[in-house]
Structures are given as C-alpha cells and as structure tokens.
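Accompanying notes for the structure given below.
Values in this text are rule-based calculations from the coordinates and carry no lab data. Fair warning: this is a prediction, and the values are worked out from it, not measured in the lab. Neighbour counts run over all protein chains shown; Cβ positions are idealised from the backbone, glycine included.
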Amino acid sequence: MNIDSTVAAIVTGGASGLGEATARRLAGRGAKVAILDLQRERGEKVAREIGGFFSEADVTSDDSVDRALAAARARNGVERVLVCCAGIGVAQRTVSKKRETGELIAHDMALFRKVIEINLIGTFRAVAKSALAMAALDPVTTDGTRGVIVTTASVAAQDGQIGQVAYAASKGGVMAMALPVARDLAGNGVRVSTILPGLFHTPMFDGLREDARQALAASVPFPQRLGRPDEYAALVETIISNEMINGATIRLDGALRMAPK
C-alpha cells in the first residue's frame with residue numbers, strides 16, 4: 001500500500017519514543033496522521049510540528065478510544081494504517097524481598113493487571129476497533145488491501161529478563177496475536193504484523209547514567225549501539241508498503257538476545 005496524502009494513519013502512543021518517530025515518518029510521506037496518547041501537551045506539540053492531529057486517549061477505556069477514533073476520523077477520514085505503540089514497562093519479580101524488613105512478597109497483582117490492561121488488552125482494543133472500520137473501506141491495491149495494522153511487542157516477549165514477568169507476559173501476548181488476527185482479517189483485506197524492538201533510545205533511557213546507556217549499547221552484537229526510533233519507523237513503512245508482509249513477528253534488535261539480567 002502506498003503512503004501518500006490519501007492515507008489516514010493513527011499512531012497510539014505517538015507523543016514520544018517509537019510512536020513519535022513513526023508519526024513523523026508517516027507524515028513526512030504525506031499521510032494524514034492522528035496521534036492518540038495520554039500526554040496531551042507533548043502530543044499536541046508533535047502534532048503541530050508534523051501537521052497532524054492529536055486526540056487524547058486512554059487505551060484501557062472503550063469510551064476513551066471510541067471518542068479519540070471518532071475525532072481522528074472526523075478530521076482525516078477512516079484510517080488505512082494503525083500503529084500501536086502505547087505501552088508501559090515495570091520491574092518486579094514474581095517473588096521478592098521487602099527492602100525494609102526482608103519479608104518475602106509476591107508480585108503485586110494490581111500492577112501485573114495494569115501492565116496487561118495497557119500493553120495487551122489496550123493494543124487489542126485499538127486493533128479490533130480500527131479493523132472494524134477498515135473492513136468497510138474499499139480496497140486500494142490490486143491485491144485487495146483495505147488497511148494495515150502494526151503492533152509493538154518487544155524482544156522481552158521471547159527473552160524476558162528477571163523482573164520483567166508482567167512486561168514479558170503482556171508483550172508475549174501482543175506477539176502471539178499477530179498471526180491469528182492476520183488470519184481473522186485476511187478476508188477483510190487487512191494485514192497485521194508486529195515488531196519486536198530491542199534496545200532503542202527512547203525517553204525511558206533518558207534517566208539512565210551515561211555509563212549505563214553505554215553498557216546497554218555494548219550488549220548489542222551489531223551495530224553496537226542503541227537503536228534509533230526512526231529505524232523502527234522505517235520498518236513500519238516497509239511493512240505498510242510490502243504486500244507480502246502479513247502475520248509476521250519481526251525482531252528489530254541488532255542480533256541482541258537478552259541475558260537473564
């Protein structure tokens with residue numbers, strides 16, 4: 001599918017990091033981009049800079065996502081492209097010790113549920129609602145493509161580290177969805193794939209000391225550095241443009257395999 005001024009695109013989590021880079025790249029190709037995010041100030045700033053549209057959205061809420069999609073569609077038309085980048089990461093072991101007392105405690109169930117609600121269920125909520133609208137559009141390619149959906153998992157889906165049980169479980173679910181959802185939507189002309197990014201220089205790394213960032217970069221076999229968000233965005237562009245990429249789970253990691261910790 002060509003990316004041009006006839007294409008409306010929605011990027012969840014588009015106010016920063018991988019989502020922001022994707023929104024900027026798609027807008028640079030001429031697409032009409034809507035950013036859905038909770039970060040209103042940042043999201044509006046990015047939208048202004050790329051000539052796009054911002055709509056506040058909480059991916060854990062049906063009503064919030066419905067309102068945001070309706071606003072984006074009123075502005076740009078029904079989306080042909082959905083890129084899901086909204087997500088959070090937390091660190092807690094299945095069993096750990098309280099620092100103050102040394103008492104053994106189990107993982108906080110509310111925290112585990114929150115990560116699943118945002119990363120996994122929130123992703124599927126956006127996918128299902130977007131796919132429903134895409135399925136009613138006319139095809140735009142000779143192969144019958146009506147739309148393309150790209151979700152974001154993580155290498156943690158396959159190489160989850162110590163303390164990443166909630167995050168890895170949520171991203172493993174996102175990874176596992178790619179093929180069955182692609183099969184579900186094959187008859188509707190909607191392609192679905194997921195990207196598993198490795199270590200990318202996103203805002204979550206800004207709080208680390210420089211030596212810590214360098215150590216992480218050194219753990220990547222080649223190229224021995226942190227990934228650049230625009231390299232993620234470039235893969236999104238390739239997935240949209242290449243009709244044979246469907247039901248795929250693609251690692252984007254410089255051959256990284258995460259150590260236990």
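With runs of 4+ DSSP H residues as the only contributors, calculate the mean residue ellipticity of the chain at 222 nm using -39,500 (n - 2.57) per run, divided by the residue total and rounded to the nearest 500.
Calculated at 222 nm, the ellipticity per residue is -12500 deg cm²/dmol.
In whole angstrom, note down how far apart the Cα centers of the range 41-117 and the range 173-221 are.
When both Cα centres are located, 15 Å separates them.
Just to be sure I understand: with springs between alpha-carbon atoms less than 10 Å apart, which residue in Gly102, Gly19, Gly227 has the highest mean-square fluctuation in the Gaussian network model of the chain?
Ranking Gly102, Gly19, Gly227 by mean-square fluctuation puts Gly102 first.
Could you tell me the convex hull volume per residue, in Å³, taken over the Cα atoms of the range 1-142?
Once divided by residue count, the hull of the range 1-142 is 123 Å³.
With unit charges on the beta carbon (Lys/Arg positive, Asp/Glu negative), name the residue among Ala153, Val90, Asn119 whose Cα is farthest towards the positive pole of the charge dipole of the range 57-173.
Of Ala153, Val90, Asn119, it is Val90.
In the chain, with Lys and Arg counted as +1 and Asp and Glu as -1 at Cβ, which of these residues, Ile105, Asn246, Gly227, has the Cα nearest the positive end of the dipole, that is, farthest along it?
The residue sitting farthest along the positive end of the dipole is Ile105.
Quick one: Karplus J couplings for the range 167-181, per residue in order, coefficients 6.51, -1.76, 1.60, θ = phi - 60°, nearest Hz, x for Gly and Pro?
5, 5, 5, 5, 6, x, x, 4, 4, 5, 6, 3, 5, x, 5
Most exposed first by the Cβ proxy, i.e. fewest other Cβ within 10 Å, how do Leu38, Leu208, Leu18, Leu185 rank?
Final ranking by Cβ density, sparse to dense: Leu208, Leu38, Leu185, Leu18.
Let me check against my output: what whole-number percent is the relative contact order of the range 158-261, with C-alpha pairs under 8 Å and at least 6 apart?
RCO, the range 158-261: 42 percent.
Expected output is a single nm value to one decimal: the length gained when fully extending between Arg257 and Lys129, i.e. 0.36 nm times separation in residues minus the C-alpha distance. What is it?
Contour length minus Cα-Cα distance gives 42.7 nm.
With a Förster radius of 22 Å, plug the Cβ-Cβ distance of Thr60 and Met109 into 1/(1 + (r/R0)^6) and report the FRET value to the nearest 0.05.
With R0 = 22 Å, the Cβ-Cβ based efficiency is 0.85.
Longest exposed-loop-site-free stretch of the chain, with GluC sites (Glu not before Pro), DSSP loop and at most 16 other Cβ within 10 Å?
That would be 104-242.
Can you compute 3J(HN,Hα) from phi for each residue in the range 21-35, using the Karplus curve 6.51 cos²θ - 1.76 cosθ + 1.60 with θ = phi - 60°, rounded to whole Hz and x for Gly and Pro?
With the stated coefficients, the range 21-35 comes to 4, 5, 4, 5, 5, 5, 5, x, 8, x, 5, 8, 9, 10, 9 Hz.
Just how large is the dipole of the chain about the Cα centre, in debye to the nearest 20, putting +1 at every Lys and Arg Cβ and -1 at every Asp and Glu Cβ?
320
Once label points are set 7 Å from the Cα along Cα→Cβ at both Val90 and Phe205, what is their separation, rounded to one decimal in nm?
2.5
Which of Asp206, Asp62, Asp184 moves most in a GNM of the chain, Cα contacts under 10 Å?
Asp206
Mind sorting Leu111, Leu256 by how few other Cβ atoms lie within 10 Å of their own Cβ, fewest first?
Leu111, Leu256
When the chain is modelled as a GNM with alpha-carbon springs shorter than 10 Å, which of Val181, Val140, Val148 fluctuates the most?
Of the options given, Val140 has the highest mean-square fluctuation.
Kindly state, to the nearest 0.05, the FRET efficiency for Arg75 paired with Ala186, given R0 = 30 Å and r defined as their beta-carbon distance.
Computed FRET efficiency for Arg75 and Ala186: 0.50.
Loop-only trypsin sites (Lys or Arg not before Pro) in the range 170-209, please: DSSP not H, G, I, E or B, and at most 10 other Cβ atoms within 10 Å.
Here the trypsin sites (Lys or Arg not before Pro) that fit, given the DSSP loop and packing criteria, are Arg209.
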